[in-house]
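Notes to accompany the following structure.
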Amino acid sequence: MKLTLRYYGDSVLREVASPVEDFDEGLRELAEAMMEIMVTENGIGLAAPQVGVGKRLIVARRMRGLDDFDAPPMALVNPEIVGVSKETWTYEEGCLSLPGISAPIVRPQSVEVRYQDLDGQIHTVSDSSLFGRILLHEIDHLDGRLCIDYISSAQKSLIKSQLKNIKQQRT
Ligand SMILES: [Zn+2]
């Protein structure tokens, strides 16, 4: 399966992805191809719209912190946020679709996510570490949201020229 990364400025990143209905070989191949891209690009999470596929599928490394980089990747199909904590934390986030850009993003400290595995079985995962943040970031992609949507206009003006460059060079 030949997939390529999509960058800021590509309209697919702003679309709401559709639920996965067929838990077939094609879904498995898509998940494997996404994991391969994530590993090659040294990413810690990737959502299907980032490779141009409008389906509710994400892959993520189940890592508690950045020194956990070898954590095995997992695939989450139709992930849904079922609960978040009121407490928040701020962390410098990057995104494979926003090369060279990172920004401090405020997100809930803990999150509970319901998802299906590649066979369609339903699971629930709760996390209050980096993995939970990755899930929130990737699920946002399925709804057409990017992490930079959360930053202030003052912060955004600091990265304005970088965003413009990505748009011009990558799309
Ligand atoms: Zn991202």
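The values are calculated or read from the model by the stated rules, or taken from the named source; none is laboratory data. Since we're looking at a predicted model, the values are computed, not measured. Reconstructed Cβ throughout: ideal geometry from the backbone, glycine too, with neighbour counts over all protein chains shown.
Quick look at the values:
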{"quantity": "Subset of the stretch 43-58 [outside any loop (DSSP other than H, G, I, E, B) and within 12 Å of the ligand (Cβ to nearest atom)]", "calculated": "Gly45, Leu46, Ala47, Ala48, Pro49, Gln50, Val51, Ile58"}
{"quantity": "Yes/no for Val16 being within 16 Å of the ligand (Cβ to nearest atom) and assigned to a loop (DSSP other than H, G, I, E, B)", "calculated": "yes"}
{"quantity": "Residue match in the stretch 126-139 (condition: in contact with a Cys (Cβ under 9 Å, 6 or more places away or on another chain) and within 16 Å of the ligand (Cβ to nearest atom))", "calculated": "yes"}
{"quantity": "Close pairs (7 angstrom Cβ cut-off, 6 or more residues apart or separate chains): at pLDDT 90 or above in the stretch 156-171, among the hydroxyl-bearing types (Ser, Thr, Tyr) anywhere", "calculated": "Leu163/Tyr8; Ile166/Tyr7; Ile166/Tyr8; Lys167/Tyr8"}
